[in-house]
1. Scan the range 220-241 and report the pairs whose first residue is touching a residue at least 40 places away in the same chain (Cβ under 8 Å) and hydroxyl-bearing (Ser, Thr, Tyr) and whose second residue is open to solvent by 40 Å² or more (accessible area, probe 1.4 Å) and in a loop (DSSP other than H, G, I, E, B), with Cβ atoms within less than 9 Å and a gap of 6+ or a chain change.
2. Which condition number in (1) at pLDDT below 90; (2) open to solvent by 20 Å² or more (accessible area, probe 1.4 Å); (3) hydrophobic (A, V, I, L, M, F, W, C) is the one that Ala80 fails?
3. Sort out which residues of the range 453-480 are under 15 Å from Cys409 (Cα atoms), in contact with an Asp or Glu (Cβ under 9 Å, 6 or more places away or on another chain) and not hydrophobic (A, V, I, L, M, F, W, C), and write them in order of number.
4. I need the full set of residues from the range 430-482 which are open to solvent by less than 10 Å² (accessible area, probe 1.4 Å), closer than 24 Å to Asn303 by Cα and in a helix (DSSP H, G or I), in order please.
5. Tell me, please, whether a residue that is farther than 13 Å from Ile219 by Cα and surrounded by fewer than 18 Cβ atoms within 10 Å (Cβ to Cβ) can be found in the range 304-312.
6. Can we say Val427 is outside any loop (DSSP other than H, G, I, E, B), within 26 Å of the chain's Cα centre (by Cα), β-branched (Val, Ile, Thr) and under 18 Å from Arg479 (Cβ atoms)?
7. State which residue pairs qualify: first residue within 13 Å of Glu29 (Cα to Cα) and inside the range 40-54, second residue among the polar types (S, T, N, Q) in any location, beta carbons under 6 Å apart, and separation of 6 or more residues or different chains.
Amino acid sequence: MVAATLDVAATLDIATRTALQGDLLQAREMFLELLSHLSDPDQIPRATSNFAAIEAALGHTEHAVQHWESIPLEQRTASARANLDCLKGVFGEHSLPSRGDSNPQRIAILSLLFSWPSTGGGTVHTKELAEFLAGAGYSVRHLYARYEPWDVGCVQDPLPYDSRQLRFQAADWNETAIIDRFRNELSQYQPDWVIVTDSWNSKPLLVEAAEGFRTLIRIAAQECLCPLNNVRMLMNTEGSPQQCSLTQLADPQACQSCVVQNGRRLSGALHQAERELCGFGTEEYAQRIRQAFARAEGVLAVNPAIAESFRPHTQAAYVVPSGFDVRRFPDVAPPPDLAERKLRILFAGLTHEFMKGFHVLRDAARLLWSQRQDFEVCVTGEPDDSHEPWLRPVGWQSQEQLPELISACDLLVFPTIAQEGLGRTAVEAMACGRPVVASRIGGLNWVVEDGVTGLLCTPGSAEDLAAKCAQLLDNPALRQQFGAAGRSKFEREFTWQASLEQHYLPLLGPPVRAAVS
């Protein structure tokens with residue numbers, strides 16, 4: 001029960017999370033109680049809309065429509081309008097199904113390069129996308145390939161939703177067999193929507209397998225724009241990174257020439273194998289990838305710049321950042337007492353992966369250490385041969401461990417030199433209420449608000465990175481201010497609750513659809 005003196009805003013968030021986690025009956029009771037107590041005119045529309053969505057998911061569609069229609073037009077959220085329009089469009093004004101006729105929409109998620117567990121941002125997003133869509137009331141089936149020579153499709157931990165592993169042998173690991181196998185599975189499932197994920201240059205294969213179904217293409221970085229390494233990063237003759245502005249959808253021949261010149265030097269083995277699998281470099285492939293994006297209902301891109309790159313080549317391009325499970329970040333803990341430790345800068349990434357920019361941080365830390373010795377740099381890796389006095393390796397961290405480590409530090413640095421799509425650890429630092437110092441490049445330009453949630457620095461500049469770190473090390477009040485603003489932005493834009501309400505529900509429509517007799 002919800003006491004009248006309870007913080008109704010907090011309870012509203014709890015009730016919404018309960019619904020998104022799949023406990024619709026418990027969430028329904030919570031919202032019924034909330035609606036009897038709410039008086040804030042800003043909270044009532046949201047609570048009413050969320051309650052109506054739960055009613056629709058439970059099959060109480062007439063009741064759902066009544067609640068959505070009770071919200072004044074000017075106060076209806078985009079998701080409320082979309083849900084109401086979808087229900088009326090599917091069922092008609094006078095033919096809504098009666099209570100108990102629940103028939104959830106079916107969502108198929110297709111993956112060619114999925115494995116679990118994984119710390120890769122795109123793969124984490126796929127697993128949680130399926131989990132949270134299922135929790136919101138959709139029927140979700142995740143179809144993923146298993147091919148041992150590539151070590152893809154290796155799932156060691158159980159997935160908390162309906163998933164089907166499609167096993168392939170060397171003899172049938174080819175584009176024709178892959179398309180046929182996924183197509184057969186989709187024919188049996190008959191989804192309302194297909195979401196293509198976890199693939200790079202092979203996305204056309206999965207889109208072709210989904211022909212005849214409404215299809216969305218999920219872009220986790222800059223795959224399909226950059227066939228070389230997904231981040232449009234080149235190296236000049238001096239070994240310095242260079243940012244490329246071309247895309248293979250607009251300039252296929254230029255990108256083919258780039259791969260011929262740089263493919264073995266700047267692409268990993270899996271990138272090279274996948275390009276060969278899908279026939280990259282041929283005129284046929286150039287046509288297939290353009291046709292795949294033209295055929296899709298839309299592209300889901302993680303930041304506005306990537307969405308703009310796809311916009312001329314597809315029916316619609318949506319900015320849909322990766323969602324984050326708020327249960328991993330339940331609250332903001334103050335950093336440990338400084339009286340017993342040094343200030344802590346965190347680098348959460350692979351120190352040996354050049355594009356992550358640890359070499360820039362190393363030079364910045366050496367510069368800082370020559371001026372002050374009141375800090376240490378925690379890195380998520382094992383000790384190497386260096387014996388820097390400021391370096392503190394803490395070992396690799398799991399998804400469960402990382403929030404605790406971030407909370408034990410004072411700021412996080414993200415010194416990447418590549419055009420990454422989002423920068424998951426920057427968002428995770430914001431979720432923990434910690435400020436971020438990040439490179440002014442790629443998705444970090446959008447994720448980190450310079451002077452609001454953190455500071456942006458020149459990519460590859462150790463001097464600028466050192467200066468920005470020093471600015472935060474010297475100002476605990478600014479660290480706290482940026483951290484609080486980061487947490488607020490995280491809750492508004494990056495939780496799965498926000499992602500479902502703002503993006504997926506309006507796009508896919510409510511979880512319930514017309515019953516099939």
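The values are calculated or read from the model by the stated rules, or taken from the named source; none is laboratory data. Every value quoted in this text rests on a predicted model; they were computed, and no experiment measured them. So basically every Cβ, Gly included, is an ideal-geometry build from the backbone, and we count neighbours across all protein chains shown. Heads up: the accessible areas ignore ligands, DNA and RNA and are worked out on the full protein's heavy atoms, side chains in. Shrake-Rupley method; radii C 1.70, N 1.55, O 1.52, S 1.80 Å.
1. Cβ pairs passing all conditions: Ser240/Gly460.
2. All conditions are met except number (2).
3. Pro476, Arg479
4. Met430, Ala431, Leu444, Val447, Leu465, Phe482
5. Looking for residues that are farther than 13 Å from Ile219 by Cα and surrounded by fewer than 18 Cβ atoms within 10 Å (Cβ to Cβ), one finds at least one in the range 304-312, hence yes.
6. Numbers: outside any loop (DSSP other than H, G, I, E, B): yes; within 26 Å of the chain's Cα centre (by Cα): yes; β-branched (Val, Ile, Thr): yes; under 18 Å from Arg479 (Cβ atoms): yes.
It is true that Val427 is outside any loop (DSSP other than H, G, I, E, B), within 26 Å of the chain's Cα centre (by Cα), β-branched (Val, Ile, Thr) and under 18 Å from Arg479 (Cβ atoms).
7. So the pair list comes out as Asn50/Thr16.
Yes/no matrix, rows are residues, columns are (1) touching a helix residue (DSSP H, G or I) at 6+ places or on another chain (Cβ under 8 Å); (2) charged (D, E, K, R); (3) touching a residue at least 24 places away in the same chain (Cβ under 8 Å):
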{"site": "Ala408", "(1), (2), (3)": "no, no, yes"}
{"site": "Ile417", "(1), (2), (3)": "yes, no, yes"}
{"site": "Leu444", "(1), (2), (3)": "yes, no, yes"}
{"site": "Glu449", "(1), (2), (3)": "yes, yes, yes"}
{"site": "Gly454", "(1), (2), (3)": "yes, no, yes"}
{"site": "Arg479", "(1), (2), (3)": "yes, yes, yes"}
{"site": "Lys489", "(1), (2), (3)": "yes, yes, yes"}
{"site": "Leu500", "(1), (2), (3)": "yes, no, yes"}
